[in-house]
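Asker: Structure incoming, see below.
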Amino acid sequence: MSIIKKNKESGNSLQVGSTIEGKVVARDRSSLFIDLGIQGTGIIFGREFYRAKDVIKSLTAGDKIYAKIIELENEDGYIELSLRDATKEISWQKLEKIKNVKVLVINALRKRKHISHFNLEEALEFIKKVNPQKAYLTHISHYLGLHEIVNKELPENVELAYDGLSLNLFE
């Protein structure tokens, strides 16, 4: 019985482009296998594996990950997955836990998109959703621009972090 039929019978509907949670079960030189529970087994391989190799190399069996579905069932019966962009997503249920925090520290590597880090636009969008009193952008690279110029372009409650910055979270 195909994965698609099983999912329809159990009431679970998978869609290409949706994000799914799973646990790493195995890894070899060019593939990462993900246990998706009742949904079946997912695989990240080929171009998707290569694009996410920096993230994948730190994963071990049992690690929980989020991945995007790129094919519901390939010729080997696996659900093909991609870590691209999915590593940046967070469900609204989890986001609600940090909504309206006093201080948020988040990465914003550069202005262009990156496979596993927020770019400036994504970080600002995330900050807007969380609505912290104050947000600091960290893990920034020289590709973001000059510190003084970028800081002037940021919303009032957001600023770039810098070496030596210390925060008193108990005020």
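The values are calculated or read from the model by the stated rules, or taken from the named source; none is laboratory data. The shown structure was predicted, so the numbers you read here are calculated from the model rather than taken from an experiment. So basically every Cβ, Gly included, is an ideal-geometry build from the backbone, and we count neighbours across all protein chains shown.
Asker: Considering 135, 67, 123, which residue is within 14 Å of the chain's Cα centre (by Cα) and either part of a strand (DSSP E or B) or more than 30 Å from residue 33 (Cα to Cα) (or both)?
Answerer: 67
Asker: Only residues that are among the aliphatic types (A, V, I, L, M) and closer than 12 Å to residue 67 by Cβ: list them for the range 17-57, please.
Answerer: Narrowing the range 17-57 to residues among the aliphatic types (A, V, I, L, M): 20, 24-26, 32, 34, 36, 38, 43-44, 52, 55-56.
Listed by number, the residues that qualify are 20, 24, 32, 34, 36, 43, 44, 52, 55, 56.
Asker: Would you pick out the residues in the range 128-142 that are closer than 28 Å to residue 56 by Cβ and either crowded, with 17+ Cβ neighbours inside 10 Å or aliphatic (A, V, I, L, M) (or both)?
Answerer: Scanning the range 128-142 gives 130, 137, 140.
Asker: In the range 154-171, how many residues are in a loop (DSSP other than H, G, I, E, B) and either hydrophobic (A, V, I, L, M, F, W, C) or touching a residue at least 24 places away in the same chain (Cβ under 8 Å) (or both)?
Answerer: Pass one, the range 154-171, residues in a loop (DSSP other than H, G, I, E, B): 154-157, 161-171.
From what's left, either hydrophobic (A, V, I, L, M, F, W, C) or touching a residue at least 24 places away in the same chain (Cβ under 8 Å) (or both): 154-155, 157, 161, 165, 167, 169-170.
Final tally of qualifying residues: 8.
Asker: Sort out which residues of the range 138-153 are within 17 Å of the chain's Cα centre (by Cα) and either without any contact (Cβ under 8 Å) to a residue 24 or more places away in the chain or part of a strand (DSSP E or B) (or both), and write them in order of number.
Answerer: Correct list: 138 only.
Asker: In the range 94-120, how many are more than 13 Å from residue 161 (Cβ to Cβ) and either more than 15 Å from the chain's Cα centre (by Cα) or of a type in the set (Val, Ile, Thr) (or both)?
Answerer: Qualifying residue count for the region: 11.
Asker: Could you tell me which residue of the range 9-60 is modelled with the lowest pLDDT, considering only residues that are part of a loop (DSSP other than H, G, I, E, B) and among the β-branched types (Val, Ile, Thr)?
Answerer: Filtering the range 9-60 down to residues part of a loop (DSSP other than H, G, I, E, B) leaves 11-18, 28-30, 36, 40, 52, 57-60.
Among the residues that remain, those that are also among the β-branched types (Val, Ile, Thr) are: 16, 60.
Values: 16: 91, 60: 88.
Among them, the one singled out is 60.
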